[in-house]
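Undergrad: Here's a structure for you.
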Amino acid sequence: MTDVIIRSSLVDAAAQPLLEGLVSEYDGRYGAASRPGGARSEILRYPAEAFRPPLGDFLLLQRGGETIAGGAFMSHDDDTAEFKRIWTRPDLRRQGLAKRIMLALEESAAELGYTRAYLTTGFRQPEATALYLLLGYRPLFDIAANLELYRSLPFEKHIGPKAGQGGTSPVYPPTASFEEAVARVAAIKAGQEAKVLSRLASYGVTVAA
């Protein structure tokens, strides 16, 4: 069967295997009580409009009409797109599907004018960390440190006309404890959320409170 990449949305039926797969994986690795509302609340943190052109995109890889992988990105500013919701069906991993999705997202983001990709993964997802390093993403953390003292691991990479250029963002030091790491991640996410929602509002997207 031929694999095809299609544009989708958080609210499309075709995207539900991805969303449910992410909920199951995140709650399984970190515990459903690791954040208010569990992984589902975090996955649905942003409206579907955040992942639609001209600000973002949501791509699914399908085989025989079934969703087997996917990912999305949203806008931080004119230069930076944040990649999110990267997922591959567990029984089909280690076949290069996540790499295909990542490259398709980079291409789509570049077509929308972004020159920098930013993303994060959790400290209990070594497969994702290895993939991003393989694809040339620069870790914004000390990769030799205890990753639990970061909780969330950020990466960056230049794309489009700036592809191949080195990153200049500062590297975060580890915190003194896991609790401090949780607090720092929460503060970073709050700042990013304000930026993303402001960006959406500037494009006339009304976000429910």
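Rule-based calculations on the coordinates, nothing more; no lab input. Because the structure is predicted, anything quoted here is derived from the model rather than measured. A quick note on method: Cβ atoms are made from the backbone with ideal geometry, for glycine too, and the neighbour counts reach across all protein chains shown.
Undergrad: Students often forget the sequence filter, so: which aspartates and glutamates lie under 13 Å Cα-Cα from Lys189 once same-chain residues fewer than 8 apart are removed?
TA: Straight-line reach from Lys189, under 13 Å: Glu42, Glu82.
Undergrad: Right, here's the next one. Which aspartates and glutamates does Lys162 reach when only Cα atoms under 14 Å apart count, and residues fewer than 8 places away in its own chain are ignored?
TA: The qualifying aspartates and glutamates are Asp78, Asp79, Glu106, Glu107, Glu111.
Undergrad: For the pair Ala190 and Arg93, what calculated FRET efficiency results from E = 1/(1 + (r/R0)^6), where r is the Cβ-Cβ distance and R0 = 25 Å, to the nearest 0.05?
TA: For R0 = 25 Å, the calculated efficiency reads 0.20.
Undergrad: Compute the convex hull volume of the Cα atoms of the stretch 1-79, divide it by the residue count, and report the result per residue in Å³ as a whole number.
TA: 108 Å³
Undergrad: Then there is this: For n ≥ 4 DSSP H runs only, could you compute -39500 (n - 2.57) per run for the chain, divide by its residues and tell me the 222 nm figure to the nearest 500?
TA: That calculation yields -11000 deg cm²/dmol at 222 nm.
Undergrad: At a 10 angstrom cut-off on C-beta neighbours, averaged per residue, how do the peptides 177-190, 13-26 rank from highest to lowest?
TA: Top of the packing list down: 13-26, 177-190.
Undergrad: Over all directions, average the projected area of the Cα convex hull of the chain and note it in nm².
TA: Result: 11.6 nm².
Undergrad: What is the list of residues in the stretch 100-140 whose amide nitrogen lies under 19 Å from a point 7 angstrom out from the Cα of Phe178, following Cα to Cβ?
TA: In the stretch 100-140, the label zone of Phe178 (backbone N under 19 Å from the point 7 Å along Cα→Cβ) covers 121-127.
Undergrad: If each residue of separation counts as 0.36 nm, what is the full-extension length gain between Leu133 and Asp12 once their alpha-carbon separation is subtracted?
TA: Here the answer is 40.5 nm.
Undergrad: Related question: If one computes the Cα centroid of the stretch 47-112 and of the stretch 136-209, what distance in Å separates the two points?
TA: Distance between centres, Cα-based: 18 Å.
Undergrad: Another question, if that's okay. Within 12 Å, Cβ to Cβ, of Asp77, how many net charges do the neighbouring residues add up to if Lys/Arg are +1 and Asp/Glu are -1?
TA: In short, 0.
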